[in-house]
Every structure is written in C-alpha cells, then in structure tokens.
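To start, the structure itself, in structure tokens.
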Amino acid sequence: MTFLTFRFAPSPNGELHLGHAYSALLNQRMAARVGGRLLLRIEDIDTTRCTPQFEAGIFRDLEWLGLRWEQPVRRQSEHLAEYRAVLDRLITEELVYPAFMSRGEISAFIAEKGGRDWPRDPDGVPLYPPLDRALPARERKRRIADNLPFAWRLDVEAAMARVTADLSWVEFTDETMSATRAIEAQPQAWGDVIVARRDIPTSYHLAVVLDDALQDVSHVVRGKDLYAATGLQRLLQELLGLPQPRYFHHRLILGSDGRKLSKSFKDTGLAALRQAGMSPQDIGRLVGL
C-alpha cells in the first residue's frame, strides 16, 4: 500500500514559535484527513547555529502540542555523504561552479555596475555577478588549491538549458486539498544560487529536494515565505531526476507588528507560552486551528 506522506522540518537554531506550531499542526491535520504519514525532519546543516539544546526543545514543544510522527527522525547532519554524492554529480556535469566573491566584493561590483537597478531575487537580494562563472578551469583550481573561501553556485543558465520537462508545480488551493492549480516555476529569478559550501556539501535548497525524495514525501505543506523558492527546487528536482511532490503554501502567522514571526520573538515562543500557563488547545485557537 502506498501512503501519502507529509513532513514537518524545523531547524534547531532557536525556539519554536506560534508559526511553527501552526505549520506542524496543519501538517498533522492534513495527513490525518487523507490517512497519510507524518514525518519529522531536523534540518541541522547550519552547524554554527544549530544546537542539541534547541533540538531537544523542538521535541519537547511538539510532544506537548500533541504531534505524533513516525520514527526514525531524519537529521540532515547525519547524511552529508548523500548530499556530497549529489553535489559531485552536479560538479561533474558542470552545472555548478565555485564562487569566490565576498559580500564586500559583491556590493562593490554591484555599486559600480548597476546600483539600485541591479536585478534582485524574490527575497530582495542582489543576484550574484557573472564574473566567477566565466573563470577558466585552471584559475578555479588554483584558487581552490590556495584555500580561498568559496561556495558552489548553480549555473542557472546551463541548468535551464539542460531541462526539457515542464517546470510547473501542483499547488493545493486550500488545506482541504479539494482543488489544485498549476504554478509556472521561474527558477531563473533567483540567479546563480548557492547549492553547497566548501565545508558543508549542501544548502537548504539541495538538501530539501533530496530529503523529500528519499523520504517519499508526497505533500509539502509549508509557509508562503517559501512559495517562490519552489520554482528553484523544481529545477533541482528535474536536474537530479527526483519525483515532484504536491505543495501547499499556507498563510503565515504574523506578530503584533505585522511581520513574520522570528525565533528571536520570545513572546511568541512555545516554551514561554507553555510556562505562562497556556494549553495546547489555547495554541490551536491562537493559530486558527
């Protein structure tokens, strides 16, 4: 029997807040509606910010909320060899290149060439300049041998030329999953994004598409802040021959100032709300569930 599979995938780089509670509970509700599975993934590739203490807090908060998930829990930090193999494939196929420009160099180049008119990605970040993409192979090898810091960036132009399949994705229009629509992917809007670091052989985008495939995730339910990134992830799925999940990008829980919640907002942290005497049922009502 094939089960529909959902997942909740927090990063242990801070305490969970009301926005995480909404996403976790919504994943559980939607999985239950279709008799599906719910997985928990710990996205801990950011070794400088992720800690065992924050991970323990995630388990504590989710268990308190009443979330139930299948074992084992996948931790990205335990699967770096899998990401490395995929990165090596992209390197061999010349779909990525080492990018050496520092933030200061990027800013100086953009200020000289385009300033405010320089194109930006959907998050408002200036696109990476094209200089490193044009470096000769010998110069790339020399810089790497000299131990210069770099990141692996996707050559989006080369990647788009390699893909012949439809890059749209299927989006559910609401949490009842009663209707869908096709969304046109626009990965080129992100420019040459980072897909791996020199010391960590992956990035969020590369890891998430591989994880979803390896875990047989059929439905990705996550916040609207990742809506635009889906187009880039669809491109990676096609390049790597990975299956395409269906998506639902849910509303965001906003703070009193109207901005998306952050892990630095202590007043909306689940641990603080629990200590203040709130119940899991209170949390459900607060987030509209």
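The set of residues in segment 186-207 being buried (at least 21 other Cβ atoms within 10 Å of the Cβ), closer than 30 Å to ARG259 by Cα and in contact with a Leu (Cβ under 9 Å, 6 or more places away or on another chain) consists of PRO187, TRP190, ASP192, VAL193, VAL195, ALA196, THR202, LEU206. Can you confirm whether segment 113-127 contains a residue that is small (Gly, Ala, Ser) and touching a residue at least 12 places away in the same chain (Cβ under 8 Å)? No, every residue in segment 113-127 fails to be small (Gly, Ala, Ser) and touching a residue at least 12 places away in the same chain (Cβ under 8 Å). Could you go through segment 49-63 and let me know if any residue there is farther than 21 Å from THR268 by Cβ and modelled with pLDDT of 95 or more. Yes - at least one qualifying residue is present in segment 49-63.
With respect to the conditions (1) touching a residue at least 12 places away in the same chain (Cβ under 8 Å); (2) surrounded by fewer than 19 Cβ atoms within 10 Å (Cβ to Cβ); (3) of a type in the set (Ser, Thr, Tyr), THR173 lacks only one, and its number is (1).
Restricting attention to segment 105-128, the residues that are in contact with a Pro (Cβ under 6 Å, 6 or more places away or on another chain) and under 22 Å from GLN186 (Cβ atoms) total 4. Filter segment 50-95 down to residues that are on the phi > 0 side of the Ramachandran plot and either in contact with a strand residue (DSSP E or B) (Cβ under 7 Å, 6 or more places away or on another chain) or of a type in the set (Asp, Glu) (or both), then give me how many there are. Result for segment 50-95: 1. Give the residues of segment 28-77 that are surrounded by 14 or more Cβ atoms within 10 Å (Cβ to Cβ) and part of a strand (DSSP E or B), sorted by residue number. Matches in segment 28-77: ARG37, LEU38, LEU39, LEU40, ARG41, ILE42, VAL73, ARG74, ARG75. In this structure, does ARG153 turn out to be basic (Lys, Arg), modelled with pLDDT of 95 or more and over 19 Å from the mean Cα position of the chain (by Cα)? Judged against the criteria, ARG153 is not a match. Of the residues making up segment 126-138, one or more are surrounded by 14 or more Cβ atoms within 10 Å (Cβ to Cβ), assigned by TED's automatic domain parsing to the domain that holds LEU235 and more than 30 Å from ASP44 (Cα to Cα).
The values are calculated or read from the model by the stated rules, or taken from the named source; none is laboratory data. All values derive from a computational prediction rather than experimental measurement. Counting neighbours? That spans all protein chains shown, and the Cβs are built from the backbone with ideal geometry, glycine included.
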